[in-house]
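Working notes, structure below.
The values are calculated or read from the model by the stated rules, or taken from the named source; none is laboratory data. Worth saying up front: this structure is predicted, and the values here are computed from it rather than measured. Cβ atoms come from the backbone with ideal geometry, glycine included; neighbour counts cover every protein chain shown. Accessible surface is based on the protein model in full, side chains and every heavy atom, while ligands, DNA and RNA are left aside. Shrake-Rupley method; radii C 1.70, N 1.55, O 1.52, S 1.80 Å.
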Amino acid sequence: MNAKIKTEKKSLPAKAILLILFQALLGGALGYWLAHSAANSPYFREQFKVLGTLDLLVLPLLVLLVLAFHEIGHLLGGFTRGMKFLLFIVGPFQFTQSPSGIRFKWVFNLGTFGGLAAAMPNPNLALAPQLKRLIAGGPLSSLLLAILGLLVCFVAEGRFGAYGFFVGGFSALIFLVTALPFRAGGFMSDGMQFIEVMRGGRAVEERQALTMLMAQSMSGVRPRELDQQAIARTLNFNGEPLREVVAHMYAYYAALDCKDEVIVAEQAAWLTEHVNQLPVGFRQSLTLELAMFECSLGNLEAARDWMNKSKGGVVDGARRALAEALLALAGDKKALAKTFLVKARKLIPRGYDVGSSLLTADQIEEAEKRL
């Protein structure tokens, strides 16, 4: 096989741009109202008099506090329905579940800076109630923190009162923005997700199918041994773009593990055309796979282009090191390739997806033989 797969740059649709602008305007309006109220209130003016230049250093920490409270709310909501921890990101801090326990790493990516949380549903329980609690937990936590922050503002004096006003106001903004139903940048807001789950039907069925595949893979079932009928069903998804891409990624991994070059090429072509349907922050995991695919075809220029797009994001460390090794090997840089392969082997135990790690281990072994 030596056919090159062309990449297309797709811009955000007009509807998504309008939604993002609406969100920004709404946030700006609320921020202006809060600032205007504080500036024209004798009480708030007195509170803010005590703040100095050093307090500006505290504000980023308060922002992280508000974002973390929202994401923790998602997790706590899921835990009350039997879900298990999978992922927590706020600012540059990332915590991920792995076979050896919870792992921490630094992450610097604007796509995930605002915070992300994920939990694995209990396969023995109905999915919809778990999802409702998981989704609603974030906005409700932000609403609670907004109330607490504003109470502190009115009860405490001086610096702590000013901090309370900032935390309460910013948390109220987070509640409003996440509770509104909209789509932007590949993500659905909490409000939109909650409405989708409440409606039930196909959306919940699709989530159920992908959840089953994810649970199988994380429990140690390698891609070629996953329920192939379930993968075939997921390929018929034609509603939510994000779920469509995830479905095709499962099909790609299964074909890659089976060494079925024809299906691998077909899935790679489809994923290339739809790569922008994944949100920034998660898109890097796909562009990394496309880089390795182009390496297998000997298309070094295309592979390097995909690697450049794979910086940052939520990516399995072993697969990133493997991709670097394959790129170095394709460029006849064997010493560099060996270094990355050693690194990839060390990172395998840190991956949260045990099934995919088995595929990664096999690919590392194949690359080592080429050395």
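Conditions tested, residue by residue: (1) within 21 Å of the chain's Cα centre (by Cα); (2) of a type in the set (A, V, I, L, M, F, W, C); (3) farther than 30 Å from residue 101 by Cα.
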{"position": "321", "(1), (2), (3)": "yes, yes, no"}
{"position": "328", "(1), (2), (3)": "no, yes, yes"}
{"position": "358", "(1), (2), (3)": "no, yes, no"}
{"position": "369", "(1), (2), (3)": "no, no, yes"}
Checking residue 158 against (1) surrounded by fewer than 20 Cβ atoms within 10 Å (Cβ to Cβ); (2) in contact with a Leu (Cβ under 7 Å, 6 or more places away or on another chain), the condition it does not meet: (2)
Count of the range 231-241 residues which are surrounded by fewer than 17 Cβ atoms within 10 Å (Cβ to Cβ) and aliphatic (A, V, I, L, M): 2
If you check residue 298 against the conditions, is it of a type outside the set (Val, Ile, Thr), open to solvent by 20 Å² or more (accessible area, probe 1.4 Å) and at positive phi? yes
What's the number of the condition residue 149 fails, among (1) over 25 Å from residue 187 (Cβ atoms); (2) out of contact with any Ser or Thr (no Cβ under 7 Å at 6 or more places or on another chain); (3) of a type outside the set (A, V, I, L, M, F, W, C)? (2)
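Does residue 291 count as farther than 18 Å from residue 223 by Cβ and open to solvent by less than 10 Å² (accessible area, probe 1.4 Å)? Talk me through it step by step, then tell me what you get.
Details: farther than 18 Å from residue 223 by Cβ: yes; open to solvent by less than 10 Å² (accessible area, probe 1.4 Å): yes.
Criteria met by residue 291.
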Looking at 230, 255, which one is within 21 Å of residue 351 (Cβ to Cβ) and without any contact (Cβ under 8 Å) to a residue 40 or more places away in the chain? 255
May I ask you to say which residue of 139, 181 is touching a residue at least 40 places away in the same chain (Cβ under 8 Å) and either touching a Gly at 6+ places or on another chain (Cβ under 9 Å) or crowded, with 20+ Cβ neighbours inside 10 Å (or both)? 139
Within the range 253-283, how many residues turn out to be over 18 Å from residue 360 (Cβ atoms), open to solvent by 40 Å² or more (accessible area, probe 1.4 Å) and in a helix (DSSP H, G or I)? 9
Can you tell me which of (1) out of contact with any strand residue (DSSP E or B) (no Cβ under 9 Å at 6 or more places or on another chain); (2) farther than 30 Å from residue 204 by Cβ; (3) part of a helix (DSSP H, G or I) is the one residue 129 doesn't meet? (2)
Flag for residue 169 being surrounded by 18 or more Cβ atoms within 10 Å (Cβ to Cβ), touching a residue at least 12 places away in the same chain (Cβ under 8 Å) and more than 18 Å from residue 68 (Cβ to Cβ): no
Six or more apart or on different chains, Cβ atoms under 9 Å: show the pairs whose first residue is in the range 261-284 and over 24 Å from residue 311 (Cβ atoms) and touching a residue at least 40 places away in the same chain (Cβ under 8 Å) and whose second is assigned to a helix (DSSP H, G or I) and among the aromatic types (Phe, Trp, Tyr). 265/293
Filter the range 279-315 for residues that are over 15 Å from residue 109 (Cβ atoms) and among the charged types (D, E, K, R); the one that is nearest to the chain's Cα centre (by Cα) is 289
Do we find that residue 370 is free of Cβ contacts under 8 Å to residues at least 60 places away in the same chain and closer than 23 Å to residue 282 by Cα in this structure? no
